[in-house]
Structures are given as structure tokens and as C-alpha cells.
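The values are calculated or read from the model by the stated rules, or taken from the named source; none is laboratory data. Here the structure is a predicted model, which means the values were calculated and not measured. As a convention, Cβ positions derive from the backbone with ideal geometry for all residues, glycine included, and neighbour counts pool all protein chains shown. Heads up: the accessible areas ignore ligands, DNA and RNA and are worked out on the full protein's heavy atoms, side chains in. Shrake-Rupley method; radii C 1.70, N 1.55, O 1.52, S 1.80 Å.
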Amino acid sequence: MKKLVFALGLIGLSAAAFAQKSSTDSIAEYRAMLQDGNPAELFEAKGEDLWKQKRGPKNASLEKCDLGKGAGVVKGAWVELPRYFADTGKVQDLESRLVTCMQELQGFNGDEIAKTPFGKGEQSNVTALATWISAESKGMKFNLPQSHVEERKMYEVGKRLFFMRGGSHDFACATCHGQDDKRIRLQDLPNLTKNPGAGNGFGAWPAYRVSNGQMWGAQLRLNDCYRQQRFPYPLFGSEATIALGVYMGVNGKGGEATAPAIKR
Amino acid sequence: MNRIYQIALSAAAIALLTACAAPMPSSADLDKLTQDIIGRSFRAQGQAKLDRLSPDEDNQLCAEAERTGVPLDAKVAEAIEARNMKTIKAPADGKYLGDFKEGEKIAQSGAGKTWTDAEGSANGGNCYNCHQISKEELSYGTLGPSLYNYGKIRSALEPNSPVTKAITEYTWGKIQNARAYNACSNMPRFAHKGVLTETQIKHIMALLLDPASPVNK
């Protein structure tokens, strides 16, 4: 895929003076081509089936799962997550909330699901569910609640994590995502501290990644960001990744949900 | 209204009020909460051990300035630069420039130090991620300044000129530890953090400063 992107970039590069603009344009065209027939649709269908299917030790569906807007309400839930849930006493994002529902309603072991490697076993089901649920909010505007003190605390923690420098390279999230109109190689970097970057960046995951042919949820996206930052491994549904979700989601208020998107 | 229901309602109201009225913790308490959360949120994986999360005073000061938007006090910035300057070492054999072709390979490579990289495998410099360097490579990032014609535009290509010597020493120091010159530079501290070896840094030096390097064409 890298080669294909590079080749496409070269096609657009006949005039040296316009080299950068043209190669960026070529990538945008390439993305538009991919957008027609996003394989995420297959995961959406799988997710909707999984929501309705009776599964787990309790042989129950997820149709009574409360994603924050009342039992079973899916539409609009995703643009208000992460949020505080009184039953768990925690701020949860979509994926960690789904694991709670799978545990409470279906009798699965939530800790085991959280520890399952990304893309394997029940983790792949969580991703499919998240894909469908996010798609049900497509085109809606982000509006994360900040009325509960735990939600405001998580925003502040997320902000601290976003600017925290560490690892072997002293990178922070802000190193790459704290300024407007920057690129890493030819890849545009959204500024996640404000809109439109926060809405566009945070609002695109789950996304189908063409380069590895996988559907990635927001948790895996953040996990891989930390890998590239050379940090240790953030646990699935950890408070750190959820706090970052609150920070980006609140910064993206009013931005449009485009998930599930398609990415290079 | 049934009395039990009334009590339940008022209990719910109190719970709600408590939640809404709960004060936000102080900034120091939020810092502490963040540290606690970091402690619960990560595990070691491969070579990415938990010590990579340990607070480093320079990083803490820069992160706070960036988060709050309040620039560092000039004296604090000078102290960070002085601390980092002490880490810079001249090349053991006195030679600053290696092979620019090897330098290009290191500049191209983004490998190294992640939990998916094998421990002990060669690290790259990641240079093109942020900088334009040779003109032939179009896939470059813009987080850092363009380094195309680096030596040429700094008049640093004459072997024995004092300008060349000054630029050579500055460039060496900058790659070894960028924060000796700019307290909160986003550039990795390549020598200080053990990302690149002295030999690798010499090759990158040649890419930037050798008159024969494509960078200076």
C-alpha cells in the first residue's frame, strides 16, 4: 500500500513547483476512490447482528444495553461518549461500555475480553459492535456531556496526558497533534486540541485501515499512537485512553461524526 | 406521596446534587490523579518498559508550559538548556562527518524503540518524518524546518573556516541533544536517550554538511 500511495503521489508530481500540493491532492483523490465501498459496512452488518443475537452464558442479546441515552438507545449514543455511568461509577467510552454490557447482560467475563488481544475472539466482536453503533450516529454533531464532575476530571486528566512527554523520544500526543496544518511524511496531522481537527480526528474512528485490511476501534487507534510514541502499552479501556477520548471528544464539540471512516 | 418513595426521591436528589456540586480538585490534585491513572493504565511490552513513563523534570516543565499556554520563565528555560548542554560530548576521534549515503538511510528509517521493534535492532533517525532533507525525497513531514541545502545556506562547507567549525559543532550538539539550544524543542534527544549511536550521528552530520551530499546540491 505504501508503494501504491507513493506511486499515486508521483503521478501528481509532474511539476516540481506544485510537488507538495499535488502529492497531497493525489492522496485525497485516492481516499475518495476508497470511500466508495468502505469495507467497514461489512463490520457494521456484523455489529448489528451481534447486538440482536442471543449470546454468552446468559443467552441474552445486547438490546437492553444502556450506552448513556437509556436502555437500548443506539442512535446518537456515540456522539455523547465517553460519559459518566452511575451503575459502574466510571467514565466509559463506547468500547469499554460494550464490555460492561456483555458482562452484565450476556454473562461474559469482562476482564477476559479486555485482555484479549485486539482483533481476536470477543475483541473483534466489540470492534464490530462499535462500528455499527458509531455508524448509527453518522452525520450527527459531537456533544459530550461535561455536567458530572467525573467527566470534567477526566477531561483535565486527558489534557495532562495529551501534553505529557515521555518514552525514548520525549514525544507527547501534542508533538504531532498540537498545531495546525502539519504533516508527518505526507500524512496530514489533525490538531486535536480544537476543531476542526478534534472533530475530524476523533470523529473518524472506528475506521477501516486499507494498509492492513483491519477494522480499528478508537482504543486500538490510541494504543498504536502510544506504540509510535515509544510509550509502554496502554491497556484496553484504561482510564488513560478514556481520558484522552474525553479530551478529544469535548474539543471536537460541534464537529461531525464521520465514523466508521476509511483510512490509509 | 408514599413515604418510602419520598425518601428514595430525596436520596436521589441529594446524590444528584452532590455529583453536580462536587468541586473540581485543585490543579495539583489533578496532577496526582493523572499520575495514579498512568500507574493503572499501562503495562510493559517488549522493550517499552514502564520506566519510560517516569517523570523527567525537563519534560514536566515543558509539558506544563505547553498545556497551560504560559511560556517557560526565561531563567527556567536557560536552566533546562544548561542541563542538556552538559550531556553533549565531542566525537571521541574528533571527526564529525561520516558517510552521507549511510546518513540518508538513517534519516529514512523510522524503526526502533517501539514495543514491536526487537530489542537491540538498529534504530532509525525518523528525520524525514518531520524534515525536508534531500530534494529527491518528496514524502517528508513539516513538523520541523526544512533542512534542504542545510550546509550550503549556512556557508558551512569549507573544511577549515571558522563558520564551518561553529555550524559543525552546533549541528552535532543539536542532533545529540536538541534541548541544549531550545529548552522545549520537539526533537528527540538522540544521543542523550540512546536512540542513535555516535557513528550514526556522524553519518547524519555528513548528510547535512558534506559538500558532496545531495542536501547541498
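A few points about this structure:
- Within a Gaussian network of chain B (alpha carbon springs, distance under 10 Å), most fluctuating of B:D51, B:D117, B:D29: B:D29
- Anisotropy class of the range A:114-264 from Cα gyration tensor, a/c 1.5 cut: rounded
- Cα-derived Rg to Rh of the protein assembly as shown, Kirkwood definition: 1.02
- With at most 14 neighbouring Cβ atoms within 10 Å, loop GluC sites (Glu not before Pro) (DSSP) excluded, longest segment of chain B: B:1-118
- Among A:D180, A:D87, A:D25: highest mean-square fluctuation, GNM of chain A, C-alpha pairs under 10 Å: A:D87
- Each pair of Cα atoms in the range B:119-170 enters the Kirkwood radius, and Stokes-Einstein at 4 °C and 1.567 mPa s then converts it into a translational diffusion coefficient of 102 µm²/s.
- Per-residue mean of C-beta atoms belonging to partner chains within 10 Å, peptide A:174-186: 5
- Separation of the range A:57-76 from the range A:210-264 is 23 Å, based on Cα centroids.
- Summed over the residues of chain B and divided among them, the accessible surface reaches 53 Å² per residue at a probe radius of 1.4 Å.
- GNM result for chain B, Cα springs below 10 Å: residue of B:T116, B:T68, B:T164 fluctuating most strongly: B:T68
- Local net charge near B:S161, Cβ-Cβ under 14 Å (Lys/Arg +1, Asp/Glu -1): +1
- Over chain A, DSSP H runs of length four or greater, each weighted -39,500 (n - 2.57), average out per residue to a 222 nm ellipticity of -14500 deg cm²/dmol.
- Net charge over other residues, Cβ less than 13 angstrom from the Cβ of B:G151 (K, R count +1; D, E count -1): +2
- Per residue accessible area in Å² of chain A, where ligands, DNA and RNA are left out and the probe is 1.4 Å: 41
- Overall form of the range A:127-203 per C-alpha gyration tensor (a/c, 1.5; a/b vs b/c): oblate
- Carbon and sulfur %, accessible surface of the range B:154-217 computed with the full protein complex present, 1.4 Å: 58
- Each Lys or Arg adds one and each Asp or Glu subtracts one; over the other residues with Cβ under 13 Å from the Cβ of A:G158, this totals 0.
- Portion, in percent, of the accessible area of chain A that falls on carbon or sulfur, probe 1.4 Å: 53
- Residue by residue, the range A:162-167 carries 3J(HN,Hα) couplings of 4, 9, 5, 9, x, x Hz when phi is fed to the Karplus relation 6.51 cos²θ - 1.76 cosθ + 1.60 (θ = phi - 60°); x denotes Gly or Pro.
- Cβ neighbours within 10 Å from other chains - mean over A:231-242: 6
- Residues with amide H under 5 Å from that of A:D66, placed H, sequence gap 5 or more: A:G72
- Rounded if a/c under 1.5, otherwise prolate or oblate - the range B:19-100, Cα gyration tensor axes: oblate
- If you look at the Cα atoms of chain B, you get an Rg and a Dmax of 24.9, 96 Å.
- With a 10 Å cut-off around each Cβ of B:35-45, the average count of Cβ atoms from other chains is 6.
- Whole-Hz ³J(HN,Hα) from phi, Karplus 6.51 cos²θ - 1.76 cosθ + 1.60, for the range B:134-145, glycine and proline x: 7, 6, 5, 8, 8, 8, 10, x, 10, 5, x, x
- Interface size A-B, as summed buried accessible area [1.4 Å probe, Å², nearest 100]: 4800
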